[in-house]
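A quick write-up on the structure given underneath.
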Amino acid sequence: MSWTAQEIASQPDCWQQALDRLPEFAPLLPRHGERVAVVGCGTSWFMAQAYAALRESAGLGETDAFAASEAPLGAGFDRRYDRVLALTRSGTTTEVLALLEQVRGKVASTAITADPATPVADLTDELVVLDFADERSVVQTRFPTTQLLLLRAHLGEDVGAVLADGAAALAAPIAGELLEAEQVSFLGRGWTYGLAREAALKVRETAAWWTEAYPAMEYRHGPISVARPGRAVWSLGDLPEGLAEQVAATGAYLERRTLDPVAELVRVQRLGVALAERLGRDVDSPQHLTRSVVLSPDLADR
């Protein structure tokens with residue numbers, strides 16, 4: 001069994017560990033009422049989007065999510081924040097470190113990472129270490145879901161049922177229509193749009209498969225034109241009224257959410273691994289990818 005598959009299977013245990021340690025981590029996370037910029041790259045950016053939407057909808061403070069390379073926090077920007085929350089599994093990603101260096105001493109900062117013995121520890125005011133959720137594989141699976149579940153619990157959500165949904169996601173069979181689909185479009189609404197983007201990325205990373213992601217209401221505005229028999233649409237959030245019927249009319253297969261959206265993401269991770277195995281791909285070391293993007297100084301400055 002690949003490392004990726006093992007890490008996917010370990011997620012409910014990691015989630016429980018994170019919830020058990022919430023009292024320890026809570027004082028390090030954004031305070032109620034703070035204006036927060038959440039930053040990350042790749043998977044971490046999509047988790048940032050999900051968290052930002054959840055925090056704002058809970059009325060706990062204005063929250064924006066940015067790709068670390070695009071965050072408007074440097075000289076020449078008037079936007080002000082009380083805290084920067086950096087999401088970085090490796091603690092070595094060039095863009096995240098550069099941003100934390102830029103705001104150091106100016107804005108309070110917290111980082112969530114899997115490895116405290118990395119440069120991020122020296123650049124942030126508060127450090128949340130989820131080392132029990134670290135991963136050997138290049139592709140992130142258990143670290144981002146553990147991180148997001150911790151953040152949801154910190155927002156006051158009752159996430160106890162997600163553990164059972166995670167177990168169900170690991171046991172559920174993968175529909176043959178998904179395994180045979182030549183293309184998959186993932187949909188989300190509100191905070192689950194970030195998860196839809198992560199779902200599309202996960203299947204691309206693991207299986208080099210053609211995937212796309214859209215807000216569910218936007219799917220009608222052009223993207224539905226690629227739907228047809230032999231392709232699939234997977235909704236990680238609630239479907240807008242009438243959209244299921246419109247997808248059915250195209251002949252595409254529709255997979256609808258039955259579990260908590262984070263548990264649905266576990267099912268997507270399993271699909272990516274299954275597709276990769278059918279193609280004979282090394283799911284632990286996908287082509288063109290590394291565990292962390294560390295740029296040389298000349299590239300980092302461009």
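Here are a few things to note about the model shown:
- Estimated Rh, segment 111-152: Kirkwood, alpha-carbon pairs, angstrom: 10.8 Å
- Sequence of Met47, Met1, Met217 when ordered by accessible area, the most exposed leading, probe 1.4 angstrom: Met1, Met217, Met47
- Relative contact order computed over the chain (Cα-Cα under 8 Å; 6+ residues apart), in percent: 20 percent
- Grouping the Cα pair distances of segment 215-276 into 5 Å bins from zero gives a pair-distance distribution of 4, 17, 26, 24, 19, 10, 1 percent in increasing distance order.
- Accessible surface for Thr63 stands near 10 Å², nearest 10, in the context of the full protein assembly shown (1.4 Å probe).
- The mean accessible area for residues of the chain, using a 1.4 Å probe and ignoring ligands and nucleic acids, is 42 Å² per residue.
- In the chain, helices alone account for a calculated mean residue ellipticity at 222 nm of -12000 deg cm²/dmol, with every DSSP H run of four or more residues adding -39,500 (n - 2.57).
- Sparsely packed chymotrypsin sites (Phe, Trp or Tyr not before Pro) within segment 1-78, loop by DSSP, other Cβ within 10 Å at most 12: Phe77
- Here the Debye sum runs over all C-alpha atoms of segment 9-68 as equal scatterers in vacuum, and log10 of I(q)/I(0) at q = 0.30 Å⁻¹ comes out as -1.08.
- Rounded to the nearest 20 debye, dipole of the chain from Cβ charges on Lys, Arg, Asp, Glu: 380 debye
- One way to sum up the overall shape of segment 143-202 is the equivalent ellipsoid from its Cα gyration tensor, whose semi-axes run 24, 16, 9 Å, largest first.
- Among Thr94, Tyr81, Ala71 - extreme Cα towards positive end, dipole of the chain, charges at beta-carbon: Ala71
- Accessible surface, 1.4 Å probe, highest first, among residues Ser10, Ser185: Ser10, Ser185
- Debye intensity ratio in log₁₀ form over the Cα atoms of the chain, taken at each q of 0.11, 0.15 Å⁻¹: -0.65, -1.19
- Descending semi-axes in whole angstrom, ellipsoid equivalent of segment 155-267, from the Cα gyration tensor: 22, 16, 13
- Paramagnetic reach from Trp3 (point 7 Å along Cα→Cβ, amide N under 19 Å) across segment 176-215: 202-203, 205-208
- Only protein heavy atoms count here; under a 1.4 Å probe, Arg204 has an accessible surface of about 100 Å².
- Gain on full extension, evaluated as 0.36 nm per residue between Arg220 and Arg21 minus their Cα-Cα distance, stands at 67.4 nm.
- Farthest towards the positive end of the charge dipole of the chain, among the residues Phe186, Val138, Gly33, is the Cα of Phe186, using unit charges on the Cβ of Lys, Arg, Asp and Glu.
The values are calculated or read from the model by the stated rules, or taken from the named source; none is laboratory data. Note that the coordinates shown come from a computational prediction; the quantities given were computed from them, not determined experimentally. Please note: Cβ atoms are built from the backbone with ideal geometry, for glycine as well, and neighbour counts cover all protein chains shown. All accessible areas refer to the heavy atoms of the entire protein, side chains included, with ligands and DNA or RNA removed. Shrake-Rupley method; radii C 1.70, N 1.55, O 1.52, S 1.80 Å.
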